[in-house]
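I have a structure I would like to understand better, so I am pasting it below and will then ask my questions one at a time.
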Amino acid sequence: MGSISPQLAELDASNFKVTRTTNFRDVPLPGSPEELSHSHCTDHMVTVRWTDVNGWETPEIKPYQNLSIAPTASCLHYATQCFEGMKVYRGYDGKLRLFRPDCNGERLSNSSQRSSMPGFKPDELKKLVGKLLQIDGPRWLPKNRPGSFLYIRPSIIGSGPHLGVQVPKEATLFIIAVPWPDFTNTTKEGETTPSKGLKLFASTPDTIRAWPGGFGYAKLGANYGPSLQAHGKAKAQGFDQILWLFGEDRQVTEAGASNFFIVWKNAQTGKLELVTAPLGNQLILPGVTRRSVLELVSSRLSKPVGSLEPVEVVERTFTIDEVEAASKEGRIVESFVSGTAYFITPVAMIRENDTDISTLGPDGEPAGYAALIKSWLGQIMYGKEAHEWGYVIEDEEN
Ligand SMILES: *Cc1c(COP(=O)(O)O)cnc(C)c1O
């Protein structure tokens, strides 16, 4: 696994074929039905074909269009598919930035190999995304709208026409960019005041998202299809996401397409901890936001910040019973989820069987850790703080 045969061409983003659109698409207004449809992509897309004979071919940038694949294509039958979720941000300094795109490149290459498709050098992904946004950025994220973003979806599919059950002989990497509603506004439809946080529905033993030796740690479409039924049922009952539990002891893993964090007082030491599930057992998706939260909290919250006490970062297995006990004993200070799509969002409660567990602080409010971490990340993403995690893309001059 992971070896690239020397005779196959590697993915190389330095050489492009560019075909420009002559038919520019309408840019949806923020909050418009087109934007809410999550389907109205920018003017161009990237595609790169791979074959087991030649390796990666020359990347193409071309007008946004439908893909053409055979009904026998591997991805349509055997879930040979993986993806990434990234954003490009229009900074307050007028510049376009990606956030830690090397992490997404590395993860996409790993996910591709986990679903029997080719890997690549992680750096090439950010160059491909950068080239696309250099062209589409000026129209779709205008300089006079700082603080806005587009969602970027790189994906790799087994695109060859061989119906036999086998390792794909062909694959296609494609990258699209799409205006996306800002989920960080937590005011719900039909409500006028922002809610205090998400409502999570704990998964039941008949639906398990991931298991040891499986692929929960890879960003595969195959993780999602079988989980959406539970998600849909939870939604219908007024919940926002499933909190995925695992094992006899009902370990808390992650929530929907985001990682889960809880800030509580350690029952023995009385000290504050930020606890999240570990990566070692390969059950959860190693989120770029998760990693960034842990790194920022380790470096900046080892001492008090304003009225917030220091917290210690703890990555360990913990169970829903521990969460329930901490809630009953008034030890929970706050909880939140992290991810590119949902950014940093507080969690208000968890329904587990017939029990509603409050995950807000003792006064019924989030303590403010999520808000602080969110503002730190936002400053890096939107160029208010110069930081090595921000990768600048130069707009093309028209
Ligand atoms: C994408 C994803 C996340 C969040 O990862 P980020 O890199 O922070 O966006 C968390 N859990 C799952 C299952 C995911 O698919």
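With +1 on the Cβ of every Lys and Arg and -1 on the Cβ of every Asp and Glu, and nothing else charged, how large is the dipole of the chain about its Cα centre, in debye rounded to the nearest 20?
It works out to roughly 500 debye.
Separate question: In a shell of Cβ-Cβ distance under 11 Å around L8, excluding L8 itself, what net charge do Lys and Arg (+1) and Asp and Glu (-1) give?
Charge balance in the 11 Å sphere: -3.
So if R0 is 30 Å, what FRET efficiency would E385 and E312 give, r being the distance between their Cβ atoms, rounded to the nearest 0.05?
E(calc), rounded to 0.05, equals 0.80.
Near the amide H of K121, under 5 Å away, which other amide H atoms are found, from residues 5 or more places off or on another chain, if H is placed in the peptide plane?
Amide H neighbours of K121: L11.
Taking 0.36 nm per intervening residue step and subtracting the Cα-Cα distance, what contour gain separates D182 from R145 on full extension?
Contour length minus the Cα-Cα distance gives 11.9 nm.
Rank T253, T355 by accessible area, highest first, at a 1.4 Å probe radius?
So the residues, ranked largest to smallest area, are T355, T253.
P(r) tail for the chain, what percent of Cα pairs lie past 41 Å?
Everything past 41 Å amounts to 15 percent.
At what distance in angstrom do the alpha carbon centres of the range 46-73 and the range 305-372 lie from each other?
When both Cα centres are located, 44 Å separates them.
Measure off, as a whole percent, the carbon and sulfur share of the 1.4 Å-probe accessible area of the range 198-367, all protein chains present.
With neighbouring chains kept in place, the figure for the range 198-367 is 52 percent.
List the residue ranges in the chain for DSSP H helices whose C-alpha atoms run 15 angstrom or more along the long axis and whose Kyte-Doolittle average is -0.5 or above.
288-300, 369-381
Where the only charges are on Cβ atoms (+1 Lys, Arg; -1 Asp, Glu), what is the dipole of the range 198-367 about its Cα centre, to the nearest 20 debye?
Dipole size: approximately 500 debye.
While we're here: Taking H as built 1.01 Å from N, whose amide H comes closer than 5 Å to the amide H of T319, not counting residues under 5 places away?
HN-HN under 5 Å from T319: V252.
Then there is this: Considering the range 184-329, what Rg and Dmax in Å follow from its alpha-carbon atoms?
16.3, 45
What does the charge add up to near D136, with Lys and Arg as +1, Asp and Glu as -1, over the other residues with Cβ less than 13 Å from its Cβ?
Local net charge: +3.
Ok, one more. Give the calculated FRET efficiency between T19 and A236 to the nearest 0.05, with a Förster radius of 45 Å applied to their Cβ-Cβ distance.
0.55
Let me ask something additional. In whole Hz and in residue order, list the ³J(HN,Hα) couplings for the range 208-219 that follow from phi through the Karplus curve 6.51 cos²θ - 1.76 cosθ + 1.60, θ = phi - 60°; x for Gly and Pro.
Computed from phi, the couplings for the range 208-219 are 10, 6, 8, 8, x, x, x, 9, x, 7, 9, 8 Hz.
Moving on. Considering only the other residues whose Cβ falls under 11 Å of the Cβ of V333, what net charge follows from Lys and Arg at +1 and Asp and Glu at -1?
-3
What list of ³J(HN,Hα) couplings, whole Hz, do you get for the range 258-274 from phi and the Karplus terms 6.51, -1.76, 1.60, once you set θ to phi - 60° and write x for glycine and proline?
8, 8, 10, 10, 9, 9, 9, 8, 4, 4, 7, 8, x, 8, 7, 10, 9
I'd like to know which of V333, I373, P118 lies farthest towards the positive end of the charge dipole of the chain, counting +1 on Cβ of Lys and Arg and -1 on Cβ of Asp and Glu.
Projecting each Cα onto the dipole axis, the largest value belongs to P118.
Mind listing the long-range amide H neighbours of A255? Cut-off is under 5 Å, sequence gap 5 or more, other chains count too, H placed in the peptide plane at 1.01 Å from N.
For A255, whose amide H was placed from the backbone, the distant partners under 5 Å are W244, F260.
Then there is this: Counting only heavy atoms of protein chains, what accessible area per residue, in Å², does the chain have with a probe of 1.4 Å?
On a per-residue basis, the chain sits at 46 Å².
Any idea which of L36, G105, T80 is furthest toward the positive side of the dipole for the range 9-115, if Lys and Arg beta-carbons carry +1 and Asp and Glu beta-carbons -1?
Positive-end residue among those listed: L36.
Also, quick follow-up: Quick one: what are the phi-derived ³J(HN,Hα) couplings along the range 52-66, Karplus 6.51/-1.76/1.60 with θ = phi - 60°, whole Hz, x for glycine and proline?
My calculation for the range 52-66 gives 6, 8, 10, x, 6, 8, 5, x, 10, 10, 8, x, 3, 7, 5 Hz in order.
The values are calculated or read from the model by the stated rules, or taken from the named source; none is laboratory data. Note that the structure is a prediction, hence the values are computed from the model and not measured. Glycine also receives a Cβ, built like all others from the backbone with ideal geometry; neighbour counts cover every protein chain displayed. We work out accessible area using only protein heavy atoms, side chains counted, and drop any ligands, DNA or RNA first. Shrake-Rupley method; radii C 1.70, N 1.55, O 1.52, S 1.80 Å.
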